[in-house]
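Okay, structure first, notes after.
No lab work stands behind these numbers, since they all come straight from the coordinates. Keep in mind it's a predicted model, so treat the numbers as computed, not measured. So basically every Cβ, Gly included, is an ideal-geometry build from the backbone, and we count neighbours across all protein chains shown.
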Amino acid sequence: MEKKLVDTFNRPHNYLRISLTDNCNFRCFYCMPEEDYDFTPASRLMQAHEIEAIAKIFVEQGVDKIRLTGGEPLVRKDAADIIMSLSKLPVNLTITTNGSRIHDYLDVLKEAGIRSLNISLDTLDRDKFLLVTRRDQFKQVYDNIQLLLQEGFHVKVNMVVMKGMNENEINDFVAWTKNDPVHVRFIEFMPFSGNRWTSNKVVTWQEILTEVGARYDILPLAGDPHDTAKKYIVPGHAGTFAVISTMSANFCGNCNRIRLTADGKIKNCLFSQQETNLLQPLRNGENILPLIHQNILAKAKELGGQFTTDFEKIHAETIHNRSMITIGG
Ligand code: SAM
Ligand code: SF4
């Protein structure tokens, strides 16, 4: 497929992340704004047929990978219909989910041909899980990960590492990879509107490697140029681990990602300030392709043009962005 969505830094964009909703059944403090938050009413969200129509336009422009995210994509009532309709497109379709509803969706995932999923789990401790998510669902999520592994899915586990919260569990997650073919991804804590981020809560890629290296021999694994994760294996382990070093060493140089928010706006970067509304023009019967091109051409070189990797100097309150739950991680 010809690559048509190229920005001014010559980066082709073939990976679309679609947020299905900003609603969620969890309340992770690092993702939701602190103040009371009203979820977007259904009428302002893209409807299933609108998601399909917009996705098709992106696919015609060279997108060959789509990730569904949110909020929690699987709380949306018509999630199964959306998954099935997008599975008919010539794309690698995948999902990022908090894992709480996987048991209800196993057949849909199989029918849609989804083979790989990202599940978020920040702790292996039930009480801490409750503290982070404000929901007592550790067992459900953990059991669902085991269910996916038994069913032969490729499972990546996203763990946001935060100082004073869960950094003491890094090696417990690596130990998990010994017998289970699970792929743990340690994510550096990122600043978003109202998420209590401070630079001293970030546990960096180097700190994570030092911690694991103190207990295990580790080998780096080769990745592809668009990987956001730096991958490693402990020789002899069934699974692997990786670090997503957004804060200490960004991977913007090869960025191929575009985001579509649940209310139908494109963001060309997780940290971009500008958004382009596609939903309203689509509803007005306008051609949205020029809007997509304009948005991609306005993409900043790195990190939405908002900060550098000198993250110690960042003051979270100066960053203009939505909260993560409203962007779609
Ligand atoms: N609800 C789904 C889930 O939890 O996987 C999908 C949406 S969630 C916003 C997507 C990913 O973003 C999750 O893995 C979550 O841990 C991550 N995330 C949210 N806020 C973050 C932050 N401040 N820093 C780093 N990662 C974050
Ligand atoms: Fe919900 Fe996922 Fe955000 Fe947690 S990280 S509040 S599960 S959207």
Which one of 25, 158, 256 has the biggest mean-square fluctuation once the chain is modelled by GNM with Cα springs under 10 Å? 25
Would you mind checking which residues have amide H under 5 Å from residue 240's amide H? H placed 1.01 Å from N; only 5 or more apart, or other chain. 182, 183, 184
Principal semi-axes in Å for region 15-327 [√(5λ), Cα gyration tensor, largest first]: 30, 23, 19
Candidates 85, 43, 120; GNM for the chain (alpha-carbon contacts under 10 Å) flags as most fluctuating 43
Most fluctuating residue of 181, 220, 191 in a GNM of the chain with Cα springs under 10 Å: which is it? 220
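Where in region 94-180 are there chymotrypsin sites (Phe, Trp or Tyr not before Pro) that are in a DSSP coil and have at most 16 other Cβ atoms within 10 angstrom of their Cβ? Show your work: numbers first, answer last.
Values: sites: 105, 129, 138, 142, 153, 173, 176; in loops: 153.
Here no loop site has a sparse enough neighbourhood.
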Over region 22-146: Rg over Rh, Cα atoms, Kirkwood Rh: 0.99
Amide H contacts under 5 Å for residue 23, restricted to residues at least 5 apart in sequence or on another chain and with H modeled in the peptide plane, are 72
Taking 2.2 N^0.38 Å as the expected size of a compact globular protein, what ratio does the Cα radius of gyration of region 152-215 give against it, to two decimals? 1.20
For the chain, just give the cysteines left without a disulfide-compatible partner, judged by no other Cys Cβ under 4.7 Å. 24, 252, 255, 269
Tell me the label-point distance for the pair residue 151, residue 226, using the 7 Å Cα-to-Cβ offset, in nm and rounded to one decimal. 2.5
Label model pair residue 56, residue 196: point-to-point distance (7 angstrom along the Cα→beta-carbon line) in nm is 4.5
Pairs of lysines in region 16-151 (C-alpha under 15 Å apart; 8 or more residues apart or interchain): 5
Provide, in order from the shortest bin, the percent of all Cα-Cα pairs of region 119-187 in each 5 Å bin, continuing until the bin that contains the maximum pair distance. 3, 17, 29, 27, 16, 6, 1, 0
Phi-derived 3J(HN,Hα) across region 249-258 with the Karplus relation (6.51, -1.76, 1.60, θ = phi - 60°), rounded Hz, x for Gly and Pro, is 7, 6, 10, 6, x, 10, 4, 10, 9, 10
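Can you tell me the relative contact order of the chain? Whole percent, Cα pairs under 8 Å, sequence separation 6 or more. Intermediate values should be presented prior to the final figure.
On the way: 661 pairs, mean separation 70.2, N = 329.
Once normalised by length, the contact order is 21 percent.
Evaluate 2.2 N^0.38 Å with N set to the residue count of region 209-282, then give the Cα radius of gyration divided by it.
Values: Rg = 17.6 Å, N = 74, 2.2 N^0.38 = 11.3 Å.
In units of the globular-protein estimate, region 209-282 measures up at 1.55.
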How many Å³ per residue does the convex hull of the Cα positions in region 192-249 occupy? 112
Give the residue list of GluC sites (Glu not before Pro) in region 106-215 that are DSSP loop and have at most 14 other beta-carbon atoms within 10 angstrom. 151
